[in-house]
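Here is the structure we will look at, set down as structure tokens.
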Amino acid sequence: MEQFIRFADKLSAWFGKAFAWCVLVMTLGVGYEVFVRYVLNAPTVWAFDLTYMMYGTMFMMAGAYTLSRDGHVRGDFVYRLWKPATQAKIELVLYFFFFFPGVLALIFAGWKYAGRSWRYLEVSVMSPANIPIYQFKSVIIAAGVLLTIQGIAEVFRCILTIRRGAWPERESDVEELEAVLQKEGIAALRHGSEAVDVVTPKVERS
């Protein structure tokens with residue numbers, strides 16, 4: 001199980017980091033559009049298509065990578081109070097009842113969606129440039145497959161946690177500033193991200 005977890009984490013990380021370069025392409029496209037639109041008064045007909053295709057691709061392909069780093073949003077105001085074994089049991093149930101059905105639906109719907117798009121070589125209707133978009137519809141299937149593989153790894157993590165009573169260590173290559181500050185013991189963040197308490201000391205007058 002641990003070997004599969006490592007494989008899934010590395011696979012998700014490779015795809016996540018590879019498609020992270022989409023943000024650079026998107027930034028260059030938007031920057032170019034702003035320049036030619038407002039300086040040269042000659043807007044492009046393709047920049048909008050480029051922007052949403054790059055952002056959508058990056059968003060979809062980063063899903064499994066984010067899951068491997070436990071980076072998805074979680075409403076954990078109760079979850080954080082449970083023991084790791086209890087957390088793992090709840091997550092195990094939720095993966096089978098919600099995660100896998102949702103991801104499998106994504107794959108099957110994406111297959112149908114992408115197949116229809118490839119059949120008539122769909123182009124964008126959002127601009128007069130007629131940019132081909134059928135290839136980007138395939139990203140839906142790829143994202144679903146990656147999420148399935150990573151989801152299996154997360155199930156294995158839950159099983160190991162139930163057995164051992166502690167979550168296995170995750171690979172971490174990026175960390176939010178808040179987490180870094182909390183590790184360094186910054187008192188202002190002691191109550192988490194929802195509230196920051198500022199205490200003003202009282203001055204006693206004699």
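The figures follow:
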quantity	calculated
Alpha-carbon centroids, the stretch 81-127 and the stretch 9-24: separation in whole Å	18 Å
Amide H within-cut-off set for V123, under 5 Å, with H built and near neighbours excluded	I133
In degrees, nearest ten, helix 47-61 long axis to first principal axis of the chain (Cα)	40 degrees
Per residue, in Å², the accessible surface of the stretch 40-178 once ligands and nucleic acids are set aside, probe 1.4 Å	61 Å²
Theoretical gain in end-to-end length, W111 to A20 [0.36 nm per residue, Cα-Cα removed]	30.4 nm
Pair A13, V73: separation of 7 Å Cα→Cβ label points (nm)	2.7 nm
Space enclosed by the convex hull of the alpha-carbon atoms of the stretch 57-115, per residue, Å³	92 Å³
The chain: relative contact order in percent, alpha carbon pairs under 8 Å with at least 6 residues between	25 percent
Under the Karplus curve 6.51 cos²θ - 1.76 cosθ + 1.60, θ = phi - 60°, whole-Hz ³J(HN,Hα) for the stretch 126-140, x wherever Gly or Pro sits	7, 8, x, 6, 6, 6, x, 10, 4, 5, 6, 5, 5, 4, 4
Whole-Å semi-axes of the ellipsoid equivalent to the stretch 123-171 (Cα gyration tensor, √5λ, descending)	42, 9, 6
Share of carbon and sulfur in the accessible heavy-atom surface of the stretch 2-120 [1.4 Å probe, %]	73 percent
FRET efficiency, 1/(1 + (r/R0)^6) with R0 35 Å, evaluated for E184 and F35 via beta carbons	0.25
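The values are calculated or read from the model by the stated rules, or taken from the named source; none is laboratory data. Computed from a predicted model, the values in this text were never measured in an experiment. Counting neighbours? That spans all protein chains shown, and the Cβs are built from the backbone with ideal geometry, glycine included. Heavy atoms of the whole protein, side chains included, go into the accessibility calculation; ligands, DNA and RNA do not. Shrake-Rupley method; radii C 1.70, N 1.55, O 1.52, S 1.80 Å.
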